[in-house]
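Visitor: If you scroll down you'll find the structure; I have some questions about it.
Read the figures in this text as sums done on the coordinates, not as results from a lab. This is a predicted model, so every value here is computed, not measured. So basically every Cβ, Gly included, is an ideal-geometry build from the backbone, and we count neighbours across all protein chains shown.
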Amino acid sequence: MARKKPIKRITVPEIRERKGAQPIVCLTSYTAPVAEMVDPHVDLILVGDSVAMVLYGMESTLGISLETMIGHGRAVVRASQKALVAVDMPFGSYQESKEQAFRNASQIMCETGCQAVKLEGGIELAETVRFLSERGVPVFGHVGLRPQNMHTAGGFRSHGKEHDEALQIVNDAKAIADAGAFAIVVEGTVEPVAARVTEETPIPVIGIGASPRCDGQVLVTEDLAGMFNTFRPKFVKRYAEIGDQLSKAVQSFADDVRHRRFPESEHCFRAEPRKISG
């Protein structure tokens, strides 16, 4: 019997070479079951710090810890085979110094087995990105709307409407690319600016709430699957309504339990009466 060929995981150079080619498909995952489901269909899985809001009910991404990100990263790497896995560096784990960034990035990579880390920042973090890249840590950049900067930026809002802000986003992306990042997320940025970032940046630019002209797209898996009804970002397209289906399933289960319709005989383990009669 012929053995199945092992699945080769997508590499950082392969993602970098996709600039201007076939669009890159990226989704978030925080758990092994979801990672296993999305892995065959995507090129890149992001273990995002959005886990703070999606799974833990926090109001922002700021409260998630390095240890928590490592735990989720480890689960996703174990459950995936094909996609490149990048793990977000949480707030406070890389901004202090390039040495701090390397120490925490290397811990993430060693303890999870991921292929890259992602960090938010532009010109001010170019030196850090270069420091990491030169020491074997592939960096996935993030410009435009930066959720970790929500307080200084005035909350979650679209970026790039004003000339100075638009130019800053373009220059941030160029600086991160020049420093050695292999790809960049541009988030929550008006379409013409996101398109310009894509055109003028030599590495793949992956959009979220950005432009169809980006080199790829990323969404939060729970958003596209319709897990939530309380908040629906403008840039999200719902491909399913899993939340509604789950709610109906739970309601049916509760009704069956209350009316003693579950479990039925086929859901129970049987034994010979003499074996339990003593």
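Visitor: Taking K and R as +1 and D and E as -1, what net charge do the other residues with C-beta under 10 Å from the C-beta of Ala183 add up to? Don't jump to the answer; show the numbers that get you there.
Guide: On the way: positive: Arg16, Arg18, Lys19, Lys118; negative: Asp215.
Charge balance near Ala183 sits at +3.
Visitor: I've got another one for you. If I model a spin label at Arg16 and Glu272 as a point 7 Å from the Cα along the Cα→Cβ vector, what separation in nanometres do I get?
Guide: If labels sit at Arg16 and Glu272, their model points lie 6.9 nm apart.
Visitor: Provide the net charge surrounding Ser80, with neighbours chosen by a C-beta distance below 9 Å and charges set as Lys +1, Arg +1, Asp -1, Glu -1.
Guide: +1
Visitor: Which one, Pro90, Pro204, Val34, is farthest towards the positive end of the dipole of the chain when Lys and Arg carry +1 and Asp and Glu -1 on their Cβ?
Guide: Of the candidates, Val34 comes out farthest on the positive side.
Visitor: Can you give the three extents of the C-alpha atoms in the stretch 12-245 along their principal axes, from longest to shortest, in whole Å?
Guide: Rounded to whole Å, the extents work out to 45, 37, 36 Å.
Visitor: Tell me what the chain gives for mean residue ellipticity at 222 nm when only DSSP H runs of n ≥ 4 count, each as -39,500 (n - 2.57), the sum divided by the residue total, rounded to 500 deg cm²/dmol.
Guide: On the way: 12 runs with 108 residues, N = 278.
After summing the helix terms and dividing by residue count, I get -11000 deg cm²/dmol.
Visitor: If you take every DSSP beta bridge fully contained in the chain, what fraction is antiparallel? Give it as a percent rounded to 5.
Guide: If we restrict to bridges inside the chain, about 5 percent are antiparallel.
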